[in-house]
Amino acid sequence: MMNNGENSRLDRLETLAEKILEGLAETRLRTDSNARSIEALTNEGRIARNRLYEAMTRLAAAQATFWEIQSDYYQHLEQIDERQARMIELLNRLEQRLAE
């Protein structure tokens, strides 16, 4: 037979065990919540990184297009300079013939 002191001690141990179990359950919930948060952040980071790579790809393509257009522009300028030089040469020859 248990006396009052032993019953009281047993009650305190049961209460302590219940609190420990509640604490463990709460810790598990927090751990699960943290794991879900970490997973969500990881996914967001992956999405952001993919978007960044896509933007960098578009930027590189735009730069390549820009340099190609600029190259074409300079080629046209060279052609215009050559035509202008030929026209000046032809005009000079025409002036010489007219002066004769």
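Going residue by residue through the range 48-67, is there one that turns out to be hydroxyl-bearing (Ser, Thr, Tyr) and open to solvent by less than 100 Å² (accessible area, probe 1.4 Å)? So far as the range 48-67 goes, yes, one or more of its residues are hydroxyl-bearing (Ser, Thr, Tyr) and open to solvent by less than 100 Å² (accessible area, probe 1.4 Å). Across the range 7-24, not a single residue is classified as exposed (fewer than 10 other Cβ atoms within 10 Å of the Cβ) and part of a helix (DSSP H, G or I).
The values are calculated or read from the model by the stated rules, or taken from the named source; none is laboratory data. Remember, it's a predicted structure, so these values are computed and weren't measured experimentally. Cβ atoms come from the backbone with ideal geometry, glycine included; neighbour counts cover every protein chain shown. For accessibility, only protein heavy atoms count, side chains too; no ligands or nucleic acids. Shrake-Rupley method; radii C 1.70, N 1.55, O 1.52, S 1.80 Å.
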